[in-house]
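J.: Would you mind keeping the following structure in view while I ask a few things?
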């Protein structure tokens, strides 16, 4: 952890009080797990008071079978002293995440991608519509309950109308195996 980030953490801890659920340090990177209610305050504090000018990414996780099911992850950085901070918050299927567009314009496309691929809505987003899949597509492809073999489509202008063949494809890890390295798609072609 950088010395500058170490100076910021006490202010975050104090401002968030009960909203800070856990703090993890791994390989020099700090991750703060927050309640969903504390997330907007934490993001605003990071941008406006602590100088995190860059929103590098917003991603999401599907903890299928757990409640809350989802988790949103924000990657923040500063330009002047190269600080990096990760903020995470769990989200139930019936909850929405407050938008961060008023803080970082880059949140626009990131939030739309999370909505499109995982189905996590962002309240207050001015244009929350699909960015990769077509409007009206009824599924969220990155959810763990989305089948690897894909789903059939009735769209006539798509290159094929059958099931999308993903299982066993070049980007899909193999189940089981001796080690993680053996399950990697690249390992299949090295034998």
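The values are calculated or read from the model by the stated rules, or taken from the named source; none is laboratory data. Please read these numbers as outputs of a predicted model, since none were measured by experiment. Cβ: placed from backbone, ideal geometry, glycine included. Neighbour counts: every protein chain shown.
J.: Report whether or not residue 14 is in a strand (DSSP E or B) and more than 25 Å from residue 118 (Cα to Cα).
T.: So residue 14 fails the test.
J.: Taking segment 17-45, which residues are touching a strand residue (DSSP E or B) at 6+ places or on another chain (Cβ under 8 Å), assigned to a helix (DSSP H, G or I) and in contact (Cβ under 8 Å) with a residue 40 or more places away in the chain?
T.: 39, 40, 42, 43
J.: Continuing with the same structure: Going by what's in this entry, would residue 145 be described as outside any strand (DSSP E or B), more than 13 Å from the chain's Cα centre (by Cα) and under 19 Å from residue 51 (Cβ atoms)?
T.: The answer is no for residue 145.
J.: Consider segment 118-139. How many of its residues are over 14 Å from the mean Cα position of the chain (by Cα), assigned to a loop (DSSP other than H, G, I, E, B) and within 16 Å of residue 95 (Cβ to Cβ)?
T.: Residues meeting the conditions: 3.
J.: Follow-up. Counting only residues that are in contact with a helix residue (DSSP H, G or I) (Cβ under 6 Å, 6 or more places away or on another chain) and over 12 Å from residue 60 (Cα atoms), how many does segment 72-98 have?
T.: 4
J.: Tally up the residues in segment 40-60 that are surrounded by 18 or more Cβ atoms within 10 Å (Cβ to Cβ) and out of contact with any helix residue (DSSP H, G or I) (no Cβ under 8 Å at 6 or more places or on another chain), please.
T.: Residues that pass the stated criteria total 3.
J.: Let me ask you something else. Just checking, which of 53, 95, 48 is farther than 23 Å from residue 12 by Cα and either touching a residue at least 40 places away in the same chain (Cβ under 8 Å) or in the same structural domain as residue 18 (by TED's automatic domain parsing) (or both)?
T.: The match here is 95.
J.: Which residue, of 94, 108, is closer than 28 Å to residue 48 by Cβ, out of contact with any strand residue (DSSP E or B) (no Cβ under 9 Å at 6 or more places or on another chain) and either at pLDDT 95 or above or surrounded by fewer than 12 Cβ atoms within 10 Å (Cβ to Cβ) (or both)?
T.: Checking each option against the conditions leaves just 108.
J.: Next up: Tell me, please, whether a residue that is surrounded by 15 or more Cβ atoms within 10 Å (Cβ to Cβ) and within 18 Å of the chain's Cα centre (by Cα) can be found in segment 17-28.
T.: No: zero hits.
J.: To continue, here is another question. Given the criteria surrounded by fewer than 18 Cβ atoms within 10 Å (Cβ to Cβ), in the same structural domain as residue 28 (by TED's automatic domain parsing) and assigned to a strand (DSSP E or B), does residue 76 qualify?
T.: In short, no.
Residues checked against (1) modelled with pLDDT under 95; (2) in contact with a helix residue (DSSP H, G or I) (Cβ under 8 Å, 6 or more places away or on another chain):
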{"residue": "35", "(1), (2)": "no, yes"}
{"residue": "64", "(1), (2)": "yes, no"}
{"residue": "70", "(1), (2)": "no, yes"}
{"residue": "129", "(1), (2)": "yes, yes"}
